[in-house]
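A short write-up of the structure that comes next.
Read the figures in this text as sums done on the coordinates, not as results from a lab. Values in this document were obtained by computation on a predicted structure and should not be read as measured data. No Cβ is skipped: glycine too gets one built from the backbone with ideal geometry, and neighbour counts run over all protein chains shown.
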Amino acid sequence: MQPADGKKGSVIIGLILTLVVLLGTEVDVGAARLKDIAGIKGARPNQLIGYGLVVGLNTSGDDDKTEFTFQSLTNMMQRMGIVVEKGKVDIDNVAGVMVTATLPPFAKVGTRIDVVVSSMGNAKDLQGGTLLLTPLSAPDGHVYAVAQGPISIGGFAAGGAAGGGVQKNHPTVGYIPGGAIVERELPLQLLEKQTLSLNLNNPDFTTCLRLTEVINKGLGEDVAQSIDAGTVDIKVPLQSQESLVEFISLIENLEIAPDTIAKVVLNERTGTVIMGENVRISTVAISHGNLSIIIKERERVSQPLPFSEGETVVTPESEVVVREESRQLIVVPEGVNIREVVRGLNAIGVSPRDLISILQAIRASGALQAELVII
């Protein structure tokens with residue numbers, strides 16, 4: 001029995017130690033990694049653009065009225081030693097397109113990036129087409145990548161000669177995964193830098209101050225300083241200047257609880273309502289009733305008797321019905337959290353589209369303590 005008691009006692013001690021560790025651990029539910037809310041100044045993506053030709057279309061390309069497609073095809077064939085005369089070649093298997101891509105930071109020569117191909121002329125469908133070699137340049141005029149390859153539109157379009165048809169997705173815009181190869185690198189040198197600047201994705205004074213405190217606490221020295229609502233400057237310690245990658249990796253994995261302003265986002269097209277957790281409503285009474293107007297139009301036909309000299313008369317007749325649903329007056333108390341706000345508004349029994357009108361009215365009355373954004 002003695003060994004059993006000793007084993008039981010060790011299990012109890014182990015459970016106690018586990019509880020102590022769990023209770024002593026602070027978990028910040030709203031925390032986010034620094035890399036998810038901020039980025040290093042200068043390490044940003046760049047937009048690329050180019051003009052090219054898509055060939056191999058099944059008579060769904062541009063027609064003869066699209067001059068720039070014919071000129072592009074002619075110029076390309078002449079560079080290959082082939083003379084093309086207008087009217088002697090059909091271009092309905094060819095489409096002039098704009099090619100766009102995003103060059104990520106630290107992309108090296110030979111790195112593959114995705115491209116988007118969009119029709120410029122009156123091509124009906126890019127399905128089955130192949131993009132010919134297209135240089136992609138930045139606003140500075142330099143070519144940073146070249147694109148080429150088969151296009152995927154992720155859908156289809158089919159129709160008959162008499163009209164009508166079926167379409168899935170947008171057939172005049174295509175996508176080439178890894179369709180461009182980087183040919184030129186962006187100059188960005190991090191080695192032996194003495195200072196780094198972090199830019200917040202959503203500038204906020206409170207978040208910026210918290211970020212400075214977290215970095216100084218995590219590194220054990222005052223190396224970070226808030227410059228404004230969206231920038232934090234960091235003095236790289238002398239011992240970390242030769243191993244800047246490890247230093248940045250340590251910083252970007254620090255966790256911080258970002259602060260946000262109270263905001264309500266309304267999408268009137270879809271009836272979507274999004275509320276932040278800091279949204280508050282002052283004491284307000286709400287009553288909302290739906291007004292329905294139904295108009296019915298019908299025509300009455302009066303036929304004359306047989307063998308009479310009368311004429312058929314068509315008489316229009318309209319019927320208008322107005323219905324209004326009465327609702328109770330609901331009082332939403334002041335200082336409630338987002339859960340209580342939603343519960344109070346749902347008690348009125350309104351649809352999402354009605355809720356948009358109610359929130360706009362509450363905002364107009366000055367009772368909504370949040371920014372209202374309509375998209």
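Miscellaneous remarks
- Length-normalised contact order of segment 195-256 in % [C-alpha pairs under 8 Å, at least 6 apart]: 39
- Residue order, fewest to most surrounding Cβ atoms within 10 angstrom, among Asp140, Asp125: Asp140, Asp125
- For segment 172-212, a/c is not less than 1.5, where a ≥ b ≥ c are the root eigenvalues of the C-alpha gyration tensor, and a/b does not top b/c. That puts it in the oblate class.
- Overall shape: prolate for segment 195-256, with the ratio a/c of the largest to smallest alpha carbon gyration tensor axis at 1.5 or above and a/b above b/c.
- Taking His170, His142 and counting other C-beta atoms within 10 Å, the order from fewest to most: His142, His170
- Subset of Lys193/Lys263; Lys35/Lys263; Lys35/Lys108; Lys41/Lys263; Lys88/Lys124 violating a 32 Å alpha-carbon distance limit: Lys193/Lys263
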